[in-house]
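Visitor: Got a structure here, written out as structure tokens. Questions coming.
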Amino acid sequence: MEQIKEILKNILEEKKLIKMVFGSARKKTIPYHKIIIRPIIIKDQFYYQVEYHYKDKVIHENLNPEDLILLCCDFMIMDFKQLNIYAINEDIQILAANPNDPKVLKSKPSKKKVDLSHNKKKQYIIPDNEPCDFLIRLGVSDYNGKVFQKHYSKFRQINKFLEIVDDSFESLDTSKTIKVIDFGCGKAYLTFALYHYLRIIKGLDVEIIGLDLKEDVIEFCNKIAQELEFDKLKFLIGNIKDYASDQADMVVTLHACDTATDFALINAVKWKSQIILSVPCCQHELFNQIKETLHAPLFKHGILKDRFTEILTDGIRGLKLEAAGYDVKMIEFTTLEHTSKNIMIKAVKSKPVATSSETEKDVKETAARKNKALKANEEYEALKKYWHINPTIDSL
């Protein structure tokens, strides 16, 4: 162990480290499967950032060199049998089935020194300080592209939305016209952003419809779309429930009130949409339906029952989408300081496996998807029965 400790001390105290990776767990009970360590600078102070990789999350902590050496030794004794060190002057691989008698392999450096600043400027899909026509026209930035301070939270929200779309982009069939419907588009910041991303940045053939009930808003948005020559972006007056279409590749619904979200999801599934992005709002439908005695003492407080109703409503919506063949994630869309309605239901349709040349792996994947959908439906029905509810999403 002293040999490993000496190597770590030399690398860390002399600030030679680029990256360090622990792997090959000693036992299956270890909660994390990998640990990555990098040097960083935060407010002019030098630290090492420890990145714990769990199955479904990553956790960070920042340590000074002295504390880190002790922690790394513990990792090698208790948790991992292998350590790869990438330093400025060399690469070192430590194989330590027995920490007291490790095998140390050294080679020429394979990685270059990187920027250590933890506070470096974030790279947005639509950058700040670069003119963007729709942001200028909507009053988010000036003609030089400088975002107005009072609209910076909206600017971050726009980019966060585009990052989510970009993460799902490969699910879209880009060989044809991509049809998008935005229910309850409002002033349409995100609708314009989506057109800009798909049409101008990606260069795709798109048709986007923004739908809202407010006549003055629709008139305003159509005027801007015409002025910007966004010829395949249209805004219509209409109700989510009654809107008729034959197909949509992507459906967006942000802050549609109460059951309006359900009707948007129902339509999206009916139209076989590949991507559904929904931020629900005002989930009141189940508030008076819940009939369950065990939790009654909690629900006598209206605020607690209201918040639980939000969770239950969106939870069963997610299950219903899974039962319909979607991969569903609940993600934070914006920070709580912007709006408390910040949970997005992101649903991406699982791609069908080609049947003409199915492999054994394909068959297993298809069976796994079917089992996942069946399980989601069973869980949905169990929750309905337990809470004595009849949600609108049931008609999906």
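The values are calculated or read from the model by the stated rules, or taken from the named source; none is laboratory data. Fair warning: this is a prediction, and the values are worked out from it, not measured in the lab. Quick reminder, even Gly has a Cβ in these numbers, built from the backbone with ideal geometry, and neighbours come from all protein chains shown.
Let's see how each residue does on (1) surrounded by fewer than 20 Cβ atoms within 10 Å (Cβ to Cβ); (2) within 26 Å of Glu332 (Cβ to Cβ); (3) out of contact with any Gly (no Cβ under 8 Å at 6 or more places or on another chain); (4) β-branched (Val, Ile, Thr):
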position	(1), (2), (3), (4)
Lys241	yes, no, yes, no
Gln247	yes, no, yes, no
Leu254	no, yes, no, no
Phe263	no, yes, yes, no
Leu298	yes, yes, yes, no
Phe308	yes, yes, yes, no
Arg317	no, yes, yes, no
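Visitor: Checking Ile69 against (1) more than 22 Å from Ile41 (Cα to Cα); (2) surrounded by 14 or more Cβ atoms within 10 Å (Cβ to Cβ); (3) in the same structural domain as Lys16 (by TED's automatic domain parsing), which single condition isn't satisfied?
Guide: (1)
Visitor: Determine whether the range 211-226 contains at least one residue that is part of a strand (DSSP E or B) and either assigned by TED's automatic domain parsing to the domain that holds Tyr189 or within 15 Å of Val180 (Cα to Cα) (or both). Working first, answer last.
Guide: Of the residues in the range 211-226, the ones part of a strand (DSSP E or B) are 211-212.
Narrowing further to those that are either assigned by TED's automatic domain parsing to the domain that holds Tyr189 or within 15 Å of Val180 (Cα to Cα) (or both): 211-212.
Yes, there is a match, as at least one residue in the range 211-226 is part of a strand (DSSP E or B) and either assigned by TED's automatic domain parsing to the domain that holds Tyr189 or within 15 Å of Val180 (Cα to Cα) (or both).
Visitor: Please state which one of Lys81, Lys28, Lys15 is within 21 Å of Leu95 (Cβ to Cβ) and surrounded by 12 or more Cβ atoms within 10 Å (Cβ to Cβ). Steps first, please.
Guide: Values: Lys28 fails: surrounded by 12 or more Cβ atoms within 10 Å (Cβ to Cβ); Lys15 fails: within 21 Å of Leu95 (Cβ to Cβ).
Residue meeting the stated conditions: Lys81.
Visitor: Considering only residues that are surrounded by fewer than 16 Cβ atoms within 10 Å (Cβ to Cβ) and not acidic (Asp, Glu), which ones fall in the range 203-231?
Guide: Residues satisfying the conditions are Gly203, Leu213, Lys214, Phe220, Lys223, Gln226.
Visitor: Right, here's the next one. Enumerate the pairs (first residue in the range 186-201 and without any contact (Cβ under 8 Å) to a residue 40 or more places away in the chain; second residue anywhere and in a helix (DSSP H, G or I) and not hydrophobic (A, V, I, L, M, F, W, C)) with beta-carbon separation below 9 Å, excluding pairs fewer than 6 apart on the same chain, so at least 6 apart or on different chains.
Guide: From residues that are without any contact (Cβ under 8 Å) to a residue 40 or more places away in the chain, the pairs are Ile200/Asp133.
Visitor: Tally up the residues in the range 1-25 that are touching a Lys or Arg at 6+ places or on another chain (Cβ under 6 Å) and within 14 Å of Asp79 (Cα to Cα), please. I'd like the intermediate steps shown before the answer.
Guide: As a first pass, look at the range 1-25 and keep what is touching a Lys or Arg at 6+ places or on another chain (Cβ under 6 Å): 18-19, 23-24.
Okay, now just the ones that are also within 14 Å of Asp79 (Cα to Cα), so 23-24.
Qualifying residue count for the region: 2.
Visitor: For the range 317-376: of the residues being assigned to a loop (DSSP other than H, G, I, E, B) and modelled with pLDDT of 85 or more, which is nearest to Glu285 (Cα to Cα)?
Guide: Filtering the range 317-376 down to residues assigned to a loop (DSSP other than H, G, I, E, B) leaves 324-325, 333-342, 350-359.
Cutting the leftovers down to modelled with pLDDT of 85 or more gives us 324-325.
On the way: Ala324: 22, Gly325: 25 Å.
Top of the filtered list is Ala324.
Visitor: Condition (residue is at pLDDT 90 or above, farther than 28 Å from Lys346 by Cβ, touching a strand residue (DSSP E or B) at 6+ places or on another chain (Cβ under 8 Å) and not in a helix (DSSP H, G or I)) applied to the range 130-148: is it met by at least one residue?
Guide: yes
Visitor: Sticking with this one: Criterion first (touching a Gly at 6+ places or on another chain (Cβ under 9 Å) and in the same structural domain as Ile11 (by TED's automatic domain parsing)) does Ile35 satisfy it?
Guide: On the way: touching a Gly at 6+ places or on another chain (Cβ under 9 Å): yes; in the same structural domain as Ile11 (by TED's automatic domain parsing): yes.
Yes: the conditions hold for Ile35.
Visitor: Now for a different question. Look through the range 31-59, keep the residues that are of a type in the set (Ser, Thr, Tyr) and surrounded by fewer than 17 Cβ atoms within 10 Å (Cβ to Cβ), and return whichever of them is nearest to Met76 (Cα to Cα). Lay out the reasoning, then the answer.
Guide: The initial filter retains those residues of the range 31-59 that are of a type in the set (Ser, Thr, Tyr), namely 32, 47-48, 52, 54.
Checking which are surrounded by fewer than 17 Cβ atoms within 10 Å (Cβ to Cβ) leaves us with 52, 54.
Values: Tyr52: 15, Tyr54: 18 Å.
In this case the residue turns out to be Tyr52.
Visitor: For the range 188-216, enumerate the residues that are within 24 Å of the chain's Cα centre (by Cα) and basic (Lys, Arg).
Guide: Arg199, Lys202
Visitor: Still on this structure: Which one of Glu66, Glu51 is under 16 Å from Phe22 (Cα atoms) and either free of Cβ contacts under 8 Å to residues at least 40 places away in the same chain or of a type in the set (Asp, Glu) (or both)? Break it down stepwise before answering.
Guide: Values: Glu66 fails: under 16 Å from Phe22 (Cα atoms).
Sole residue among the options that is under 16 Å from Phe22 (Cα atoms) and either free of Cβ contacts under 8 Å to residues at least 40 places away in the same chain or of a type in the set (Asp, Glu) (or both): Glu51.
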